[in-house]
Amino acid sequence: MNSKTNGLSPWGRAWGVTEFAQLYFPGHTPVAAYKSMWKWIQTSRGLKAKLEAAGWVKFQKLYTPKQVAVLIDHLGEP
């Protein structure tokens, strides 16, 4: 069932870090998208601290729904 038709947000689940990065960098390879997302996390003012407050640790494989919400709040929807 489509999330737009049932009213549920597609962001309310855990996402693989590479999978999520590719939403922001669709023309990049998975590795390039991951590296670009990591650069954003490092250079976006306050983003890394917000993610850490949401339980994020460097090199984790999944973003939790709370971390996804932080990313979307800070960066906007992909």
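The values are calculated or read from the model by the stated rules, or taken from the named source; none is laboratory data. Note that the coordinates shown come from a computational prediction; the quantities given were computed from them, not determined experimentally. Because the Cβ atoms are built from the backbone with ideal geometry, glycine has one as well, and the counts that use them run over all protein chains shown.
Which residue pairs have Cβ atoms under 9 Å apart, sit 6 or more places apart or on different chains, and have a first residue in the stretch 33-60 that is modelled with pLDDT of 95 or more and a second that is small (Gly, Ala, Ser) and not in a helix (DSSP H, G or I)?
Filtered contacts from the stretch 33-60: ALA33/GLY27.
When the stretch 11-61 is examined, which residues are found to be aliphatic (A, V, I, L, M), loosely packed, with under 14 Cβ neighbours inside 10 Å and not in a helix (DSSP H, G or I)?
Listed by number, the list holds a single entry, VAL57.
Does LYS61 fit the bill of being touching a helix residue (DSSP H, G or I) at 6+ places or on another chain (Cβ under 7 Å) and basic (Lys, Arg)?
Values: touching a helix residue (DSSP H, G or I) at 6+ places or on another chain (Cβ under 7 Å): yes; basic (Lys, Arg): yes.
When the stated conditions are applied, LYS61 passes them.
Can you tell me which of (1) hydrophobic (A, V, I, L, M, F, W, C); (2) more than 9 Å from the chain's Cα centre (by Cα); (3) modelled with pLDDT of 95 or more is the one VAL68 doesn't meet?
Tallying (1) hydrophobic (A, V, I, L, M, F, W, C); (2) more than 9 Å from the chain's Cα centre (by Cα); (3) modelled with pLDDT of 95 or more, VAL68 fails exactly one: (2).
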